[in-house]
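Only one structure is covered here, and it is reproduced in the block below.
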Amino acid sequence: MEQKFHVIHKYIPEASINLVENLLEKYAFNLIIKNNRKTKHGDFRPLPNGFYQITINNDLNIYRFVITLVHEIAHLKTFKEQKKRVKPHGIEWKLNFQHLMLPFLNLAIFPKEILILLAQYLRNPKASTDSDIQLSLALKGYDEKTNKNFIFEIPMHSKFTHNNRTFIKGNKRRVRYKCMEISSKKEYLFHPNAEVDLVF
């Protein structure tokens, strides 16, 4: 089994290798490691030939990678059990995700600060870990360092660029920040942990 799945070893915590290989063996699917996609960390889809495919971004740190992989395997498990009769992130998926993640919840796999927040998140998991601001921030702490800033860190009314567009930071609306794109004058909502380039 080690030889069969050795490619994935560099993407996940060493202590999780056996658990991950057991899942790969049990839920047979094509795993494709993709270049960064800004809109998602991974996805699952059934293929026309009856097989299944899961894709994961190649730039995720090892902790986010293993969470994303199990997240997508939970979609596969739910699909096999329910087909298309349930919501993508409904109660059936939540229960499967919780069940599949349970063996991973230990300090040999996750640092303490992530483990505590991950356990809280799994009480009622959402469609993305990014929806949990504290967990998302803890996971980002293990990303490769860049010169970017988080939206919540920069001063109000600061100029910043995101995806080659320039914005001005506005007020916070519940969770997200309302920011105006300078060229179009349109307003957009930004997640507090969105990474941007400050314009001085």
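Quick one: putting +1 on the C-beta of Lys and Arg, -1 on the C-beta of Asp and Glu, what dipole do you get for the chain around its Cα centre, in Debye to the nearest 20? Let's see the in-between values first.
Details: 32 positive and 19 negative charges, 201 e Å.
Taking the Cα centre of the chain as origin, the dipole is about 960 debye.
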Where does the chain land at 222 nm, in deg cm²/dmol rounded to the nearest 500, when only DSSP H runs of n ≥ 4 count, each adding -39500 (n - 2.57), divided by all residues?
-9500 deg cm²/dmol
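Rounded, prolate or oblate for the range 27-131? Axes are the square roots of the Cα gyration tensor eigenvalues, ordered a ≥ b ≥ c, and the cut-off for rounded is a/c under 1.5. Before the final figure, lay out the partial values.
On the way: a/c = 1.85, a/b = 1.29, b/c = 1.43.
In terms of gyration-tensor shape, oblate.
How big is Rg to Rh over the chain, alpha-carbon atoms, Rh as the Kirkwood inverse-mean-distance radius?
Working: Rg = 18.5 Å, Rh = 18.4 Å.
My calculation puts Rg/Rh at 1.01.
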Along the range 48-60, what does the Karplus equation 6.51 cos²θ - 1.76 cosθ + 1.60 (θ = phi - 60°) give for ³J(HN,Hα), rounded to whole Hz, x for Gly and Pro?
x, 7, x, 8, 10, 10, 10, 10, 9, 5, 7, 9, 6
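Do any of Lys126/Lys172; Lys40/Lys169; Lys34/Lys84; Lys77/Lys148; Lys87/Lys148; Lys10/Lys112 go past 27 Å between their Cα atoms, and which? The partial results should precede the final answer.
Working: Lys126/Lys172 21 Å; Lys40/Lys169 24 Å; Lys34/Lys84 25 Å; Lys77/Lys148 37 Å; Lys87/Lys148 35 Å; Lys10/Lys112 21 Å.
Pairs exceeding 27 Å: Lys77/Lys148; Lys87/Lys148.
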Tail beyond 21 Å, pair distance distribution of the range 1-79 (Cα, percent):
22
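Of all DSSP beta bridges in the range 11-102, what percent run antiparallel (nearest 5)?
50
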Quote the relative contact order of the chain in percent (integer), defining contacts as alpha-carbon pairs under 8 Å separated by 6+ residues.
14
Can you compute the modelled spin-label distance between Asp143 and Arg123, with each label point 7 Å from Cα toward Cβ, in nm?
2.7
Over the range 52-200, with neighbouring protein chains present, the accessible area per residue in Å² at probe 1.4 Å is 55
Rg (one decimal) and Dmax (whole number) from the Cα set of the range 156-200, in Å, equal 9.5, 27
The chain: angle of helix 112-121 to the longest principal axis, Cα-based, in degrees nearest 10
80
Protein accessible area in the chain, 1.4 Å probe - carbon and sulfur %:
52
Quick one: if you stick a label point 7 Å off each Cα along the C-beta vector at Lys83 and Ala28, how many nm between them?
2.2
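The values are calculated or read from the model by the stated rules, or taken from the named source; none is laboratory data. It should be emphasised that the depicted structure is a prediction, and the values quoted were computed from it without experimental measurement. Heads up, the Cβs are rebuilt from the backbone with ideal geometry, glycines too, and the neighbour counts pull from every protein chain shown. Ligands, DNA and RNA are stripped out before the accessible areas are found, and what is left, the full protein with its side chains, is counted by its heavy atoms. Shrake-Rupley method; radii C 1.70, N 1.55, O 1.52, S 1.80 Å.
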